[in-house]
2 protein chains.
Amino acid sequence: MKIILLGTAGAIPSSTRKLISTLVIRDGELFFFDAGEGVQQTLMNLKIGMNKPTRIFVTHMHGDHIFGLLGLIQTMSLLTRDKPLYVYGPLGIKNFLLTNIKNLGIILNFSLVIQEIKEGLVIRTNKFKIYAKKGNHSRTNFAFTLKENNRPGIFYPKKAKKLCIPEGKKWSALQKGKQIRFNKQIIKPSQVLGKSRPGRKIGISGDTRPTTRLIKFFLDCDVLIHESTYSKHDKLLAKDRYHSTSVEAAQVAKKSQTNLLILTHFSSRYNKINILEKEARKIHHNTIAGNDLMNFILPYPDEKRITSSYVLAQSNQ
Amino acid sequence: MKIILLGTAGAIPSSTRKLISTLVIRDGELFFFDAGEGVQQTLMNLKIGMNKPTRIFVTHMHGDHIFGLLGLIQTMSLLTRDKPLYVYGPLGIKNFLLTNIKNLGIILNFSLVIQEIKEGLVIRTNKFKIYAKKGNHSRTNFAFTLKENNRPGIFYPKKAKKLCIPEGKKWSALQKGKQIRFNKQIIKPSQVLGKSRPGRKIGISGDTRPTTRLIKFFLDCDVLIHESTYSKHDKLLAKDRYHSTSVEAAQVAKKSQTNLLILTHFSSRYNKINILEKEARKIHHNTIAGNDLMNFILPYPDEKRITSSYVLAQSNQ
């Protein structure tokens, strides 16, 4: 699983930060969380491709989070996308997209599936689940978590051999956690596998004040991408405008026992974002202030190969 | 007068070209012709400022020409613009802007004046006029010309002295082309001035097939910024999609006796735009294929200091 920060600015872009958008790539599938203006050009620069299985999650209906959606959809269509595109967001997202598509005469080659969501389970596949939870912002904001299902435990060939199960399809089925029938007996995966291994969990805050409901929602995240619009010195402003400070984001990360906290959605008033990073690290040491095009490779919790105290893996493109 | 190409891509951006937008700066006033996605960030990079006297002209209601408008307007408001913003465009522009502004809860600090235009005179000031003319595109497209009023001729102090007119306010009025009263006589500016000097004229095509009406409309342009979506080798495609080839743009420039032709709005299929430039130069020698952030300083026709056969003045920022 890979996380790429496509844009890290809140409200207004700067010369170095595009408007907010976070991309998660998992098993060849793209998950966008918000799509600020300019996201289509960033995708082109990264050569990510416009015809991948794609789901877009909109946290809330503010322009800085969605103005890149229309251009992205139009370009996907001009580049003859044929896979369906799924968009999930709060009430209003359907009207915003369909009205503009109609009024501007955008012809879609692909199926655009728009779902206005509520709190709770948004998607369930046999690999992962995505949940939404309301935050506390000036417009209805959904935070999201992507939680992978647990994977089957490690396969022990010795145990399979002891049961005389022949290699091949039957081994493969057991490895995937499926029970099999062999010699008129039922063999359970637990007879040849170790303990099931946890999947990964990531959280995305959208724009919000910190809340205890969200702390619970983000519990045990491997990575939490949290808005940090303001410095701790502008706490009143954060409160007034329903945003979070760097320190508040760090408190959410700490209380939810998040591993890595990535700060994003910075106000353009701050030239030096490392100050916000320092503030947050005093509360939650494993914090990174995001920059555009930073990317993070996220190994399985039981396979952690990277021991840096700050990042699971990080590189600037 | 200065022309800056903010974006030169048609339909789809590339890694080096943003979507179409052309900025004309005249006497401290900004004139945008279209506002493709990302225009607000380009303005920030150029440090042009969000609170200048500004008029935005929309050629037609296709996404690639207007998706930058919403973000630009939102950012102007967040940066507490207080001057009115004037937007001129075809039927539909009002609904597009007002519906999105309302649905996304954008609060405007400034007066947004939207005018749905028809062919003919759009603006008249005491310095210049802006005209619109319909093109031939898949949606109603307006081409525009900005034509400065003629300036008074050169002032001859000797003639003024001969008439015994004292230096000061009266000279100044005559220099500005106003008649004065002196010694119970009316003095006309023509008594002390040379021939009136022509103002500058620029044309912007928007998206269109070449037409004889447009050739007439662009007559004697100092600079014509014309779409050149396709190479001459894709003429059928240009015809089918209501666009122009490089050669067709050059024919319009030649027949309208334009001085400098700037090609823009290139299809993303062409990696090497200089091929389109070469095609056009065979018809109209004084042609430049535009790149993002190219800018052109446009002297008065009677003050031409730059003798290059290709450009009036050009520099890459």
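Side notes on the structure shown:
- Residues of the range A:97-125 that turn out to be farther than 21 Å from B:Ile12 by Cα and not β-branched (Val, Ile, Thr), as a count: 7
- Here the range A:59-80 is the region considered, the condition is being part of a loop (DSSP other than H, G, I, E, B) and more than 8 Å from every other protein chain (Cβ to nearest Cβ), and the residue that is nearest to B:Asp64 (Cα to Cα) is A:Thr80.
- Per-region count, the range B:110-124, residues away from chain A (no Cβ under 14 Å) and either modelled with pLDDT under 95 or assigned to a strand (DSSP E or B) (or both): 9
- Test: residue in the range A:8-21 that is within 14 Å of chain B (Cβ to nearest Cβ), within 11 Å of the chain's Cα centre (by Cα), under 21 Å from B:Leu43 (Cα atoms) and crowded, with 24+ Cβ neighbours inside 10 Å: yes
- The residues on offer are B:Ser196, B:Ser231, and the sole one that is surrounded by 15 or more Cβ atoms within 10 Å (Cβ to Cβ), among the hydroxyl-bearing types (Ser, Thr, Tyr) and touching a helix residue (DSSP H, G or I) at 6+ places or on another chain (Cβ under 8 Å) is B:Ser231.
- Residue in the range B:220-228 that is within 23 Å of B:Glu119 (Cβ to Cβ), in the same structural domain as B:Gly7 (by TED's automatic domain parsing) and surrounded by fewer than 17 Cβ atoms within 10 Å (Cβ to Cβ) present: yes
- A:Asn103 surrounded by fewer than 24 Cβ atoms within 10 Å (Cβ to Cβ) and touching a helix residue (DSSP H, G or I) at 6+ places or on another chain (Cβ under 7 Å): yes
- The condition (being surrounded by fewer than 18 Cβ atoms within 10 Å (Cβ to Cβ), small (Gly, Ala, Ser) and touching a residue at least 12 places away in the same chain (Cβ under 8 Å)) is satisfied by just one residue among A:Gly177, A:Gly203, A:Gly168: A:Gly177.
- Qualifying residue in the range A:63-77 (condition: assigned by TED's automatic domain parsing to the domain that holds A:Thr208, surrounded by fewer than 22 Cβ atoms within 10 Å (Cβ to Cβ) and either under 24 Å from A:Arg26 (Cα atoms) or among the charged types (D, E, K, R) (or both)): yes
- Options A:Leu224, A:Leu276, A:Leu261: the member that is in a helix (DSSP H, G or I), touching a helix residue (DSSP H, G or I) at 6+ places or on another chain (Cβ under 6 Å), under 27 Å from A:Leu46 (Cβ atoms) and of a type outside the set (S, T, N, Q): A:Leu276
- Filtered residues of the range B:25-48 (kept if surrounded by 15 or more Cβ atoms within 10 Å (Cβ to Cβ), out of contact with any Lys or Arg (no Cβ under 6 Å at 6 or more places or on another chain) and on the phi > 0 side of the Ramachandran plot): B:Asp34
- Close pairs (8 angstrom Cβ cut-off, 6 or more residues apart or separate chains): assigned to a loop (DSSP other than H, G, I, E, B) in the range A:234-250, surrounded by fewer than 23 Cβ atoms within 10 Å (Cβ to Cβ) and charged (D, E, K, R) anywhere: A:Tyr242/A:Arg209; A:His243/A:Arg209; A:Ser244/A:Arg209
- Lone unmet requirement of (1) within 10 Å of chain B (Cβ to nearest Cβ); (2) free of Cβ contacts under 8 Å to residues at least 60 places away in the same chain; (3) not in a loop (DSSP other than H, G, I, E, B) for A:Thr42: (2)
- The requirement of being farther than 21 Å from A:Lys201 by Cβ, in a loop (DSSP other than H, G, I, E, B) and within 12 Å of chain B (Cβ to nearest Cβ) is satisfied by A:Met50.
- Verdict on A:Lys102 being farther than 16 Å from A:Gln41 by Cβ and not in a helix (DSSP H, G or I): no
- A:Ile215 vs. criteria among the hydrophobic types (A, V, I, L, M, F, W, C) and either surrounded by fewer than 14 Cβ atoms within 10 Å (Cβ to Cβ) or in a helix (DSSP H, G or I) (or both): yes
- Taking (1) closer than 18 Å to A:His285 by Cβ; (2) outside any loop (DSSP other than H, G, I, E, B); (3) in contact with a Gly (Cβ under 8 Å, 6 or more places away or on another chain) in turn, A:Ala253 satisfies each apart from (3).
The values are calculated or read from the model by the stated rules, or taken from the named source; none is laboratory data. If you're wondering where the values come from, they're calculated on a predicted model, not measured in any experiment. Using ideal geometry, Cβ is built from the backbone for each residue, glycine included, and neighbour counts are taken over all protein chains shown.
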